Structure formats: structure tokens, C-alpha cells
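Before any comments, here is the structure.
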Amino acid sequence: MAVEAGRDIAPAKGKLGVMLVGLGAVSTTFIAGVENVRRGTGLPIGSLSQMGTIRLGKRTEKRSPKIKEFVPLTDLQDLVFAAWDPIPDDAYGAARKAGVLDTPHLEPIADFLKGIKPLPAAFDQHYVKRLTGTNVKQGKTKRDLAEQLRQDIRDFKKRSGAHRLVMIWAASTEVFLTPGPAHQSLQAFERAMEQNDPAIAPSMLYAYAALMENVPFANGAPNLTVDVPALQHLAEERKLPIGGKDFKTGQTMMKTVLAPAFKARMLGLAGWYSTNILGNRDGEVLDDPESFKTKEESKLGVLEYILQPDQYPELYGNVFHKVRINYYPPRGDNKEGWDNIDIFGWLGYPMQIKVDFLCRDSILAAPIVLDLALFFDLAQRARLSGIQEWLSFYFKSPQTAPGLYPEHDLFIQQTKLKNTLRWLMGEEQITHLGIEYYEKA
């Protein structure tokens with residue numbers, strides 16, 4: 001069936017409220033970064049929506065507008081912010097504690113940041129063992145907490161004068177959960193909330209509250225969250241965009257670049273050992289084995305899907321893949337991701353690649369949060385509902401329609417994203433065939 005190109009997209013009028021779950025290193029770096037960009041004291045480097053261009057038509061036409069000038073995205077001046085966090089520090093205090101941004105990017109905007117105080121969180125230490133906090137909601141049931149979150153959403157919209165909202169989970173990784181009976185239908189899900197079923201994690205309460213208040217929801221952690229039938233059906237019924245999971249920042253971004261290169265050249269892979277040292281709140285949370293298992297599943301799935309060992313058993317049928325994360329406080333937010341990759345080539349001769357990525361986790365994540373906020377809002381205005389697979393580019397474990405394997409190759413993901421934008425605006429898809437430049441009709 002041919003899908004007709006071009007959509008009527010509602011204009012991006014008024015303010016867009018970005019509601020963040022978590023006011024830690026990622027969220028404060030994002031908020032402070034946007035405010036610096038708005039004041040002309042920084043550039044939104046790493047943001048495809050702000051810095052990227054998109055080719056339209058033939059190469060000879062030389063049409064490559066900036067993405068933000070091609071599609072009707074919300075202007076950065078129109079963003080307003082709110083956040084939930086179990087720790088009561090305002091955005092300025094939290095940013096100082098996170099230690100990501102230096103004084104020149106914080107002090108001039110201190111008053112702005114101090115104005116963003118975290119709402120009490122729906123928090124349960126059972127799901128994030130290494131965190132404690134005093135800024136926490138009380139309720140007899142999980143359903144009570146979800147209703148309080150819904151009220152927070154309504155209050156923020158009214159207080160801020162926001163015309164539209166998006167919600168992004170930028171909080172810690174929860175313990176590993178698998179889909180069960182409580183997640184199969186909305187009725188089962190709501191009953192489980194009322195019964196305080198352990199299958200309903202706090203992140204699911206936020207996702208439920210967002211969808212019930214007609215707010216798109218993006219999941220930046222590897223938690224199960226919105227990746228369950230009950231919430232997927234709710235999003236489709238209410239015509240709301242959802243997506244996730246797990247921001248694709250440092251080490252996994254490199255994997256989704258290198259693994260497609262090996263496969264493209266039909267080079268074999270014997271083993272890939274990845275280790276990380278990380279000293280921020282994320283590192284502390286991931287020191288707990290149950291939270292680490294959630295992250296491990298997210299990181300391990302990448303190679304399997306890219307390399308397709310069932311199709312290339314001689315090259316990838318026996319890969320040893322190990323991922324480790326170690327909490328190392330002196331490093332703070334400056335994560336080190338070290339990879340040892342054992343590959344083999346012609347006649348099976350072995351070779352090695354070493355990658356040592358001394359990355360800044362939140363510096364890589366902040367532009368992802370910005371793009372997701374803007375693109376999820378665009379998706380809602382374009383009436384794209386349910387899972388937004390075209391935004392897989394930003395996630396380690398991209399959600400897909402049931403029965404579809406996720407596409408992890410960064411460059412295929414980027415092509416999909418740009419082709420979706422072309423399709424939305426009624427422009428031709430770009431296939432990169434280019435035969436018309438060489439064969440005359």
C-alpha cells in the first residue's frame with residue numbers, strides 16, 4: 001500500500017512545556033544549555049534539530065535547508081520547563097552538584113535555574129535501590145500517585161501558560177522487569193495500580209499520567225516503562241506519540257557506528273568487551289545489580305540485531321560480548337567507555353581495535369533531550385500516534401511495532417528520520433540510487 005506523502009501539521013503556536021522526570025545531571029545540563037543558547041552564550045552542538053541540514057531533491061538542485069527551517073518545530077524561545085525529583089534541590093543546586101557545566105554557563109543564568117524547583121516525585125526505593133530522597137509523594141496506592149502526577153501536569157500547564165506539553169524520562173535506571181499479566185490491558189494495568197502490584201514501576205505511573213493527560217511520552221532509560229501492550233494501546237487510542245528506550249550517548253553510539261562498518265565489509269567478529277567507569281548518580285544507581293541488569297540488556301541487544309548472526313554464522317555466529325559498568329566517584333559525569341574488539345579478516349586472520357571514549361555523558365545526552373522534545377511535539381501536531389520508530393536514532397533499545405526487530409545501525413536510523421521529515425512535508429524520499437546522473441534516458 002502506498003503511503004501518501006505530506007501531512008497537515010498543526011502550527012507550533014504558543015509555549016511548549018517540557019516536563020522532565022528527574023532533575024539530575026542530564027536534565028539540568030539540558031535546561032541550562034537551552035537557556036545559554038537562547039541568550040547567545042552557547043551553541044546547541046549535538047542537536048540534529050538545531051544544527052542539522054536536510055537534502056531535498058537531486059544533488060544538482062543544491063537544496064539543503066536547516067531541519068529547523070524545513071519542518072515547523074517549536075522555537076527554543078517558546079520552551080518552558082518543569083521536573084520531578086526525589087531530591088529537593090532546585091535546578092541551580094542540582095546543576096552545581098552534578099558538576100557538568102562550568103561557572104560561565106551557570107552563574108549568569110542562576111536566577112532562571114533557581115526558579116525551577118522539582119515537584120515531589122512518585123518514587124519507590126524498591127525500584128532504584130541506591131537512591132533516597134525526601135521530596136516524595138505519599139499515597140495509599142500507586143493509582144493515587146498516578147492521579148497526583150496528573151494533577152501536577154494540569155497545574156504546570158495552567159501555571160506556565162503552555163499550549164502543549166511533552167514528558168521525557170531522564171531519571172535513573174529502574175530494576176529489571178519483564179512484561180507480565182498486569183501489563184497486557186489498560187483494565188489489568190489500572191487494577192494492578194490499585195493493588196500496589198510490584199509489576200507497576202514508578203516510571204509506568206508517569207507514562208500513564210502523561211497519556212491520560214494527552215501528553216507524548218519519551219523514555220530515556222532502559223526501563224520497561226511504556227514498552228508494554230497496555231500503554232501502547234492507550235497511546236494509539238488517544239492518538240499520542242510514545243517511544244524509547246535509553247538515550248544513545250557514548251559507548252553504544254560508537255557500537256552502532258563500528259558494528260555496521262564490520263558488517264558492511266564482511267569482517268568477522270570474535271569478541272567485544274566493553275567496560276565503563278562513571279561517577280555520577282547514574283553510576284551509583286547502576287552499581288546495584290538489578291538496575292545494571294536493565295542497562296545490560298539494553299547495551300547487549302545492539303550487536304545481535306546489527307550483525308544478524310543467523311544470516312552470517314561464519315562471521316558472527318560465535319561472538320563473545322561482555323558489558324561492564326563500574327561506579328568510580330572521582331570521574332563524576334565524565335564517563336570513560338573502553339572497548340576491546342577482536343575482529344578477523346581474510347582467511348580468518350585476527351585483528352584488534354581499541355576504543356577509549358572519554359566522554360561527557362550529560363553533554364551527549366542534553367541535545368538528545370532537546371531533539372526528542374521538539375520531534376515528539378512535531379509528531380503529535382502531525383497526528384503520528386503510537387510508537388515513533390523514526391526516532392530510533394536517539395535510543396539504545398528502540399521500540400518497534402510488535403513482531404518487528406529494531407534497527408540499530410545509526411546511519412539507517414538517520415536516513416529513516418530524515419525520510420520521515422521529507423514525507424511529512426510532501427518531499428520525495430531520497431534513495432541515494434543516483435543512476436539518473438550517469439544513464440541518459
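The values are calculated or read from the model by the stated rules, or taken from the named source; none is laboratory data. What you see is a predicted model; the values in this text were computed from it and never measured. Glycine gets a Cβ as well: all are built from the backbone with ideal geometry, and neighbour counts include every protein chain shown. Accessible surface is based on the protein model in full, side chains and every heavy atom, while ligands, DNA and RNA are left aside. Shrake-Rupley method; radii C 1.70, N 1.55, O 1.52, S 1.80 Å.
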Quiz prompt | Label of the coordinate-derived value, Rg and Dmax of the Cα atoms in Å, listed as [x] 26.8, 88; [y] 28.6, 120; [z] 21.8, 74 | solution = [z]
Practice problem: Taking all protein chains together and a probe of 1.4 Å, list I277, I325 from the most accessible to the least accessible. | Solution: I277, I325
Quiz prompt | Reachable lysines, given that their alpha-carbon falls under 28 Å from the alpha-carbon of K58 and they are not under 8 places away in the same chain | solution = K66, K68, K416, K418, K440
Quiz item: When the chain is fully extended, how far beyond the present Cα-Cα distance does T60 get from L43, taking 0.36 nm per residue of separation?
Solution: 3.1 nm
Quiz item: Which percent, to the nearest 5, of DSSP beta bridges fully inside the chain are antiparallel?
Solution: 40 percent
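Calculate the FRET efficiency for D287 and D310 from the Cβ-Cβ distance with a Förster distance of 41 Å, rounded to the nearest 0.05. Show your work: numbers first, answer last.
Working: r = 35 Å, r/R0 = 0.85.
Given R0 = 41 Å and the Cβ-Cβ separation, E is 0.75.
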Exercise. Work from the charge dipole of the chain (Cβ charges, +1 for Lys and Arg, -1 for Asp and Glu, about the Cα centre) and give the residue of I435, A188, M167 farthest towards its positive end.
Key: I435
Exercise. On a C-alpha basis, how far is the centre of region 245-265 from the centre of region 337-367 in Å? Whole number, if you could?
Key: 9 Å
Quiz item: Fully extended, how many nm does the chain gain between W346 and Q187 (0.36 nm per residue separation, minus their Cα-Cα distance)?
Solution: 51.5 nm
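Please give the calculated 222 nm ellipticity per residue for the chain, where each DSSP H segment of at least 4 residues contributes -39500 (n - 2.57) and the sum is spread over every residue; nearest 500 deg cm²/dmol?
The helix contribution divided over the chain gives -11000 deg cm²/dmol.
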Exercise. Could you grab the Rg to Rh ratio for region 194-272? Cα atoms only, Kirkwood for Rh.
Key: 1.17
Quiz item: Taking the simple approach of a point 7 Å from Cα along Cα-to-Cβ for both H432 and R159, what is their distance in nm?
Solution: 4.7 nm
Quiz prompt | Difference of contour (0.36 nm per residue) and Cα-Cα distance, D75 to F357 | solution = 98.2 nm
Quiz item: How much of the accessible area of region 302-441, in percent, comes from carbon and sulfur atoms when a 1.4 Å probe is used?
Solution: 56 percent
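Measuring with a 1.4 Å probe in the full set of protein chains, what accessible area per residue, in whole Å², belongs to the chain?
Details: 19620 Å² over 441 residues.
Roughly 45 Å² per residue, with all protein chains present.
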Practice problem: Could you pull the Cα extents of region 1-134 along its three principal axes, largest to smallest, in whole Å? | Solution: 58, 42, 28
Self-check item: Under 13 Å, Cβ to Cβ, from T134 - net charge with Lys/Arg +1 and Asp/Glu -1
Solution: -1
Quiz item: Measuring from centroid to centroid over Cα atoms, what is the spacing of region 42-99 and region 179-219 in Å?
Solution: 29 Å
